[in-house]
Amino acid sequence: MKSLLKKILLGYTIPNEYVCLAGKLNQPLRVMLSTPNQTASEDVTNHHIFLGYKPLVIGLTAQIGSSLHAYLSGAKKYSLTFEFSANGHEPERLARVFLHKLVSKKLDDREIFLCEGTHGWHRFLNPFHQRMHQVWSLLNHKPGNVDLEQNLYSQVIAAYSVPRNISIITVGDDRSINVFPTDLHGSISESFYAGSLRHEGKACQQVERYGKIVLSAIDASWFKEAYQLGKNHMRETRTAADFDFLRGRSEQIGLPLPESAIRYKELIRLESMDFGIHRIHFYKVVNEKIVSDKPALSHIHRYYLQWRIDHHLHTDINLR
């Protein structure tokens, strides 16, 4: 009865706001880039990085000299459209985020364009259910949460309609370490990486202090343990013996690895930029190793999952 009432009033019954996937997502959305001055659009599904949620920060990456680079260089305002295509039908536009360019950074033969969200919308729930959720959120506000005003929240929901990998960072030295999850990160190229942390957190301070990290993609079955490590963002470093799930060490930097690691990158921090509550770190990739071919842990927003359920798209999930 409670689930039925929730479905009627809010449009969903899924208990977790962000839902972990148990494997690779079937029939994912495409992310299409457009600008006010261009009639054609570019597919940036594999060329965008979600780096911040207050404000929304998206990194758009391109090889210098490519058509995508020319497309990005020729405008200061962009929009990302999240489309669903099936069986040869016209793509259905399910969400859109409007962006303006903040700054760009060249790293060897590639450039990353960092953009802030200015407006967004989605159709994963109908307008009535979206409005009811606003009321529900006000009545059930939890102290300590990062508040997102409604349109910013719509932008974030759109961004999380693409599976975002939850990876584990190990930072420290031979005496003490910290281990914590992150989902605001992505490759700029084979040689460079970007990742975001909240600048007031201890985790961010530790990355700056030690200047090197190991970023491990982890087995999708390790979802509960990964979420439980979230509290370590605000904890001091400890000895490796305090983390009973660590097995072995990375090849070059020599930091401990989670037992669930399926691949990892060893990264050296280069510099950082602040945007809102986030500090975006840029890294040099010094080593990468594949451990297994198991699916990596990722998550999506429950509104998008509910849309998939309502449209009879099979989705393997793990509820916490």
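Counting only Cβ charges, +1 for Lys and Arg and -1 for Asp and Glu, the dipole size of the range 148-240 around its Cα centre is about 240 debye. Over the range 175-320, the hull volume per residue, using the convex hull of the C-alpha atoms, is 133 Å³. In the full protein context, the range 201-304 carries 44 Å² of accessible surface per residue, based on a 1.4 Å probe and ignoring ligands, DNA and RNA. The distance from the alpha carbon centre of the range 252-291 to that of the range 187-251 is 8 Å, rounded to a whole number. Extension gain, residue 27-residue 288: 0.36 nm per intervening residue step, less the Cα-Cα distance, totals 91.1 nm. Distance from the C-alpha centroid of the range 1-41 to that of the range 74-130: 14 Å, rounded to the whole angstrom.
Roughly how many percent of the accessible protein surface of the range 118-248 is carbon and sulfur, given a 1.4 Å probe and a whole-percent answer? Of all accessible area on the range 118-248, carbon and sulfur atoms account for 52 percent. Judged by the gyration tensor of its Cα atoms, with axes a ≥ b ≥ c, the range 256-320 is oblate; a/c meets the 1.5 cut and b/c is at least as large as a/b. Estimated at 0.36 nm per residue, the fully extended path between residue 311 and residue 252 surpasses their Cα-Cα distance by 16.6 nm. Checked against a 31 Å cut-off, the cross-linked pairs 77/212; 106/289; 6/54; 7/265; 212/294 give Cα-Cα distances beyond that limit for 77/212; 7/265. Under 5 Å between amide hydrogens, built in the peptide plane, is the criterion, and for residue 118 it picks out 98, 99, 100 among residues at least 5 positions away or on other chains.
Per-residue 3J(HN,Hα) values for the range 245-255, derived from phi via the Karplus relation 6.51 cos²θ - 1.76 cosθ + 1.60 with θ = phi - 60°, read 9, 8, 9, x, 9, 5, 5, 9, 6, x, 8 Hz in sequence order (x marks Gly and Pro). Judged by the ratio a/c of the largest to the smallest principal axis of the C-alpha gyration tensor, the range 1-143 counts as prolate, that ratio being 1.5 or greater while a/b is larger than b/c. Put +1 on the Cβ of every Lys and Arg and -1 on every Asp and Glu Cβ in the chain; which of 298, 15, 132 then has its Cα farthest towards the positive end of the dipole? Checked the options; the winner is 132. Each label point was placed 7 Å from the Cα along the Cα-to-Cβ direction; for residue 90 and residue 70 their separation is 2.9 nm. Determine the shape class of the chain: with a ≥ b ≥ c the square roots of the Cα gyration tensor eigenvalues, call it rounded for a/c under 1.5, and otherwise prolate if a/b is greater than b/c, oblate otherwise. Because a/c hits 1.5 or more and a/b fails to exceed b/c, the chain counts as oblate. Dipole size of the range 162-320 about its Cα centre, with +1 on Lys/Arg Cβ and -1 on Asp/Glu Cβ: approximately 220 debye, rounded to the nearest 20. Legend: residues 83, 149, sorted from most to least accessible area (1.4 Å probe; ligands, DNA and RNA excluded), read 149, 83.
The values are calculated or read from the model by the stated rules, or taken from the named source; none is laboratory data. Just so you know, these numbers come straight off a predicted model, no measurement behind them. In this analysis, Cβ positions are derived from the backbone assuming ideal geometry, glycine residues included, and neighbour counts consider all displayed protein chains. When the accessible area is computed, the model is the full protein with side chains, heavy atoms only, and any ligands, DNA or RNA have been set aside. Shrake-Rupley method; radii C 1.70, N 1.55, O 1.52, S 1.80 Å.
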